[in-house]
Amino acid sequence: MADYREAPLATRPKTLDPNEYFNLSPDYRRAEAERAALRAGLKRQYQLQLNNPHRKELIEDPALNRWVYARANPYNHFKATKKTSLLGALFGVAPLFILYYVFKTDRVCYGGR
């Protein structure tokens, strides 16, 4: 834990922050336990549906449906941030300037052959 360095774009994991790991209120611990129980119940229900040998219908997974919809309509769910703007400029605009510079210097150095 002493060798851990913070990443510039990520938060410290909960298991490495002693204030968030040990100093939790009973209400927060109870809410976490309730959320874990809900997740476990949903997982069990999905596993029972998936492994049912007498199943005739398709299994509807709402999370998978949301993911497929978001993948099919990416621009409705895109949020422009500093990171996405920088990546867009880096991979969209920078190569054009680099190629222009390479071709221009090649033409100037070799006499335009």
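Output the 0 to 90 degree angle, nearest 10, between the alpha-carbon long axis of helix 94-109 and the longest principal axis computed from the alpha carbons of the chain.
20 degrees
What range in the chain is the longest one free of chymotrypsin sites (Phe, Trp or Tyr not before Pro) that are in a loop by DSSP and have at most 11 other Cβ atoms within 10 angstrom? Walk me through the intermediate numbers first.
Numbers: sites that count: Tyr4, Phe78, Tyr110.
It works out to 5-77.
Where does the chain land at 222 nm, in deg cm²/dmol rounded to the nearest 500, when only DSSP H runs of n ≥ 4 count, each adding -39500 (n - 2.57), divided by all residues? Mind dumping the intermediate values first?
Working: 5 runs with 64 residues, N = 113.
Mean residue ellipticity, 222 nm, calculated: -18000 deg cm²/dmol.
Work out from phi, with θ = phi - 60° and the Karplus expression 6.51 cos²θ - 1.76 cosθ + 1.60, the ³J(HN,Hα) of each residue of the stretch 47-57, listed in order in whole Hz, and give x for Gly and Pro.
5, 5, 5, 5, 9, 6, x, 9, 6, 10, 9
Take the solvent-accessible surface of the protein heavy atoms, probe 1.4 Å, and return the percent of it on the chain that carbon and sulfur atoms account for.
Details: 6720 of 11030 Å².
Carbon and sulfur atoms account for 61 percent of the accessible area of the chain.
Report the equivalent ellipsoid semi-axes for the stretch 1-94 in whole Å, largest first, defined as the square roots of five times the eigenvalues of the gyration tensor built from alpha carbon atoms. Let's see the in-between values first.
On the way: eigenvalues 227, 177, 28 Å².
Values for the stretch 1-94, descending: 34, 30, 12 Å.
What is the sum of charges around Leu64, taking Lys and Arg as +1, Asp and Glu as -1, for the other residues whose C-beta is under 15 Å from the C-beta of Leu64? Don't skip to the end; give the middle numbers.
Working: positive: Lys43, Arg66, Arg71; negative: Glu60, Asp61.
Summing Lys/Arg as +1 and Asp/Glu as -1 gives +1.
How large is the accessible surface of Leu99 in square angstrom, using a 1.4 angstrom probe and rounding to the nearest 10?
90 Å²
The values are calculated or read from the model by the stated rules, or taken from the named source; none is laboratory data. Since this is a predicted model, take the numbers as computed values, not measurements. Glycine gets a Cβ as well: all are built from the backbone with ideal geometry, and neighbour counts include every protein chain shown. For accessibility, only protein heavy atoms count, side chains too; no ligands or nucleic acids. Shrake-Rupley method; radii C 1.70, N 1.55, O 1.52, S 1.80 Å.
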